[in-house]
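K.L.:
Handing you a structure now.
Here, each number is a calculation from the coordinates, and none is a lab measurement. Please read these numbers as outputs of a predicted model, since none were measured by experiment. As a convention, Cβ positions derive from the backbone with ideal geometry for all residues, glycine included, and neighbour counts pool all protein chains shown.
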Amino acid sequence: MKKYNGFLLCGGILTAAMLLFILLGCFWTPYDTTAMDPNAMEQSPSWQHLMGTDKFGRDILSRVMEGAASSLFIALCVVAIGCFFGLIIGALCGYYGGIADAILTRVCDSITAFPSFLLALVIISVAGPGTYNIIFALGILFIPSFARIVRTEYVTCRDLNYIQSARLMGAGDLRIMVAHILPNTLTVLLSALTIGFNNAILSEASMSFLGLGVQPPTPSLGYMLNESRSSINSTPWYMLFVGATIVLLVLGFSLLGEGLQRQAQED
Amino acid sequence: MDKPILEIKNLSSFYERRAGGIFGEKERVQILHDISFSILPGETLALVGESGSGKTTLCKAILGMLKDYTGQVIHRSQRPQMVFQDPFSSLNPAHTIGWILEEPLRLQGKLSKQERKAAVVEMLEQVGLGADYVNRKPDELSGGQRQRVAIAAAVITRPALVIADEPVSALDVTIQAQILELLRSMQRRYGLSYLFISHDLNVVYELCDRVLVMRDGRIVEQGDVQRIYANPQHEYTKQLLKAAQ
């Protein structure tokens, strides 16, 4: 009898809805995201503009759809970079150990010891703002957290009896790392992915909020949040809708991550 | 007479440790002292001794995992396989039983995919589990069933020598008897030799042909099971036998 997993269900539905919403925004938005309409400035939500318009008369729903898409794209790339290199570094360090492991672990520790935001600011100030630079900066910062998780798994696994028998049967190091140990890290990796994904969305939003991420006129959730600050009195729903989108995205993935973790524990 | 499949001549092994913290002087400690013995084809040799007597180190030497040693380890067969004491860490939890049993054959690279699948099913039946175990995961199995799978995985490549490190001491007494019987039937079928490590002298008496008694890295007595049990020479062997009764 399978236990009912509310986290997984809610998270799954919420995430699926958000992804559908964003996917739709990639192909179709109600209005052109950059078209300004002087006749429809600062309108409150209506049937024409479900989320109202901003002070330039741009449709907020369209901009939220596209902004969420670019946030999602950046978060995906960041997590992909962090996970890919984290996996390689963590696996090699954990499996072989030794001096290289000690050095790389210290490097990862020192990266984590810095406030990550500060470090991202440094990289951006050297490389300049922009979509790809922010992916690069955040991607590097996300490597240590994945590397550490993967390394721990490899360290615990490498001396277990089933790995020893694999070695006796003549399995090479690469085969042991990929075919024997990697499948054992997947559950941990999966929840790390969802957590990392949330952090990536929030970090991207904060960077764009400060004007260091996606450059206008391309919409981005963080940048729009910043924009909405100036018109909080005249168009309070602007901030509300943008903020709610970020919250729903993060919430969906948090619930999904929690649900996956519980599912894994039960299995 | 058959040639021994494994011969160990004058094996001594050492390890380095630092006395007195990380800045202390390095010290070379001897673990095994001048060990010589051999294992004949189809024979079961018991290795008996308390923990810390060097049994594990001797195992590592046979498996080629020691770095600092003198003497000779001569194999006259392909690599030996191993059955571990703890059946819960000897099977990879991320894979199915089918995958686990097929892996040694895959690594050997002699059989085609169909032949491997067939060999896995055949082996499962020989160890008393059915073909429907192929898709099960290790955590669905009991300790005894896991140990059957572990034995199947060790034997499936038809090695000449299997090292069994206390293979039944983690199991219930009733299951112990079944696993010992399985080990015996595998030996009859494939002409295996076992190096059977144990501290349970009753089990040793039941299963083994010859006994090596180890203490502090030395072999203190070796000989036929009957002879040693009837007429132990060394004081330590007498103590062990007394403790087992």
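K.L.:
Tell me which residues come under 5 Å, amide H to amide H, from B:THR44 once H is placed; ignore anything under 5 positions away on its chain.
P.N.:
Here B:TYR194, B:ASP209, B:ARG210 satisfy the definition.
K.L.:
Then there is this: Can you list residues whose amide H is under 5 Å from A:ASN5's amide H, if they're 5+ apart or on another chain and H is modeled 1.01 Å from N?
P.N.:
Residues meeting the amide H criterion: none.
K.L.:
Along the charge dipole of chain B, pointing to its positive end and built from +1/-1 on Cβ of Lys, Arg, Asp and Glu, which listed residue (B:LEU111, B:PHE84, B:THR157) has its Cα farthest out?
P.N.:
The listed residue farthest towards the positive side: B:LEU111.
K.L.:
Given the rule -39500 (n - 2.57) for each run of at least 4 DSSP H residues, summed and divided by the residues of chain B, what is its mean residue ellipticity at 222 nm, to the nearest 500 deg cm²/dmol?
P.N.:
Estimated from H runs of four or more residues: -11000 deg cm²/dmol.
K.L.:
With charges set only on the Cβ (+1 for Lys and Arg, -1 for Asp and Glu), what does the dipole of the protein assembly as shown come to about its Cα centre, in debye to the nearest 20?
P.N.:
Its charge dipole is roughly 1000 debye.
K.L.:
Put +1 on the Cβ of every Lys and Arg and -1 on every Asp and Glu Cβ in the protein assembly as shown; which of A:ALA113, A:TYR4, A:PRO129 then has its Cα farthest towards the positive end of the dipole?
P.N.:
Most positive-ward Cα: A:ALA113.
K.L.:
Explain nothing, just the number: dipole magnitude of chain A about its Cα centre with +1 on each Lys and Arg Cβ and -1 on each Asp and Glu Cβ, in debye rounded to the nearest 20.
P.N.:
Its charge dipole is roughly 520 debye.
K.L.:
Same structure again: How large is the helix-only mean residue ellipticity at 222 nm for chain A, computed as the sum of -39500 (n - 2.57) over DSSP H runs with n ≥ 4, divided by its residue count, in deg cm²/dmol to the nearest 500?
P.N.:
Working: 9 runs with 192 residues, N = 267.
Computed ellipticity for chain A at 222 nm equals -25000 deg cm²/dmol.
K.L.:
Follow-up question, since we're still on this one. Using the Cβ atoms and a cut-off under 11 Å, what net charge is assigned to the surroundings of A:VAL155, where Lys and Arg are +1 and Asp and Glu are -1? Show your work: numbers first, answer last.
P.N.:
Values: positive: A:ARG148, A:ARG151, A:ARG158; negative: A:ASP101, A:GLU153, A:ASP159.
With Lys, Arg at +1 and Asp, Glu at -1, the neighbours total 0.
K.L.:
I want the antiparallel fraction of DSSP beta bridges within chain B, as a percent rounded to 5.
P.N.:
For chain B, the DSSP antiparallel bridge percentage is about 55.
K.L.:
Through the Karplus equation 6.51 cos²θ - 1.76 cosθ + 1.60, θ set to phi - 60°, convert the phi angles of the range A:17-23 into ³J(HN,Hα) values in whole Hz; use x for Gly and Pro.
P.N.:
Each residue's phi maps through the Karplus curve to give 4, 5, 5, 4, 4, 6, 4 Hz.
K.L.:
Next question. Give the average, rounded to an integer, of partner chain Cβ atoms located within 10 angstrom of each Cβ in A:155-166.
P.N.:
Per residue, the average neighbour count from other chains is 6.
K.L.:
Relative to the Cα centre, what is the charge dipole magnitude of chain B, using +1 at the beta carbon of each Lys and Arg, -1 at the beta carbon of each Asp and Glu, and rounding to the nearest 20 debye? Can you show the working numbers first?
P.N.:
Working: 30 positive and 29 negative charges, 132 e Å.
Approximately 640 debye in magnitude.
K.L.:
Residue-wise, which Karplus ³J(HN,Hα) couplings in Hz belong to the range B:167-177, taking 6.51 cos²θ - 1.76 cosθ + 1.60, θ = phi - 60°, and x for glycine or proline?
P.N.:
So the Karplus estimates, Gly and Pro as x, are x, 10, 6, 8, 10, 5, 4, 5, 5, 3, 4 Hz.
K.L.:
Using Cα atoms only, what is the angle between the long axis of helix B:97-108 and the major principal axis of chain B, expressed in degrees (0 to 90) to the nearest 10?
P.N.:
Helix B:97-108 sits roughly 70 degrees off the main axis of chain B.
K.L.:
How would the range A:1-103 be classified by its alpha-carbon gyration tensor: rounded, prolate or oblate, with rounded meaning a/c under 1.5 and the a/b versus b/c comparison settling the rest? List each step's numbers first, then the result.
P.N.:
On the way: a/c = 4.42, a/b = 1.99, b/c = 2.22.
Oblate, since a/c reaches 1.5 and b/c is not below a/b.
K.L.:
Around A:ILE176, with a cut-off of 10 angstrom between Cβ atoms, what is the net charge of the other residues, counting Lys and Arg +1 and Asp and Glu -1?
P.N.:
+2
K.L.:
To continue, here is another question. Return the whole-Å distance between the Cα centroid of the range A:118-133 and the Cα centroid of the range B:23-41.
P.N.:
So the separation of the two Cα centres works out to 58 Å.
K.L.:
Can I ask one more? Taking the Cβ of each residue in A:TRP237, A:TRP28 as the centre, tally the other Cβ atoms inside 10 Å and list the residues starting with the fewest.
P.N.:
Details: A:TRP237 15, A:TRP28 9.
Least crowded to most crowded, the residues run A:TRP28, A:TRP237.
K.L.:
While we're here: For the range B:24-37, take each phi angle, set θ = phi - 60°, evaluate the Karplus expression 6.51 cos²θ - 1.76 cosθ + 1.60, and give the result in whole Hz per residue in order, putting x for glycine and proline.
P.N.:
x, 7, 6, 9, 9, 9, 8, 9, 9, 10, 6, 9, 9, 6
K.L.:
If you rank B:THR157, B:THR174 by fewest surrounding Cβ atoms within 10 Å, what's the result?
P.N.:
In order of increasing Cβ crowding within 10 Å: B:THR174, B:THR157.
K.L.:
Report, to the nearest 10°, how far helix B:113-126 tilts away from the longest principal axis of the Cα atoms in chain B, using its own Cα long axis and a range of 0 to 90°.
P.N.:
Computed tilt is about 70 degrees.
K.L.:
A further question follows. Choose one answer from B:ALA164, B:ALA177, B:ALA230: the residue with the largest mean-square fluctuation in a GNM of chain B with alpha-carbon springs under 10 Å.
P.N.:
Among B:ALA164, B:ALA177, B:ALA230, the largest mean-square fluctuation in the Gaussian network model of chain B belongs to B:ALA230.
K.L.:
By count of other Cβ within 10 Å, fewest leading, how are A:TRP47, B:TRP99 ordered? Walk me through the numbers before you get to the answer.
P.N.:
Numbers: A:TRP47 5, B:TRP99 17.
So the ranking, lowest neighbour count to highest, is A:TRP47, B:TRP99.
K.L.:
Another question, then. Which one of A:LEU248, A:SER234, A:VAL150 is farthest out on the positive end of the charge dipole of the range A:51-266, using unit charges on Cβ (Lys, Arg +1; Asp, Glu -1) and the Cα centre as origin?
P.N.:
Towards the positive end, the residue furthest out is A:VAL150.
K.L.:
Assuming a ≥ b ≥ c are the square roots of the Cα gyration tensor eigenvalues, decide whether the range A:51-266 counts as rounded (a/c under 1.5), prolate (otherwise, with a/b larger than b/c) or oblate. Intermediate results must be reported in sequence, preceding the final value.
P.N.:
On the way: a/c = 3.38, a/b = 2.13, b/c = 1.59.
Cα axes put the range A:51-266 in the prolate bin.
K.L.:
Based on the alpha-carbon gyration tensor of the range B:136-201 and its eigenvalue square roots a ≥ b ≥ c, which shape applies: rounded if a/c is under 1.5, prolate if not and a/b is larger than b/c, or oblate?
P.N.:
Note, shape of the range B:136-201 comes out oblate.
K.L.:
Pull up the cross-link candidates among the lysines for B:LYS26, meaning alpha carbon to alpha carbon under 28 Å and not fewer than 8 places away within one chain.
P.N.:
B:LYS9, B:LYS55, B:LYS60, B:LYS67
K.L.:
Further, regarding this structure: Once you list every other residue whose beta carbon is under 15 Å from the beta carbon of B:LEU40, what net charge do they have if Lys and Arg are +1 and Asp and Glu are -1?
P.N.:
Residues close to B:LEU40 contribute a combined charge of -2.
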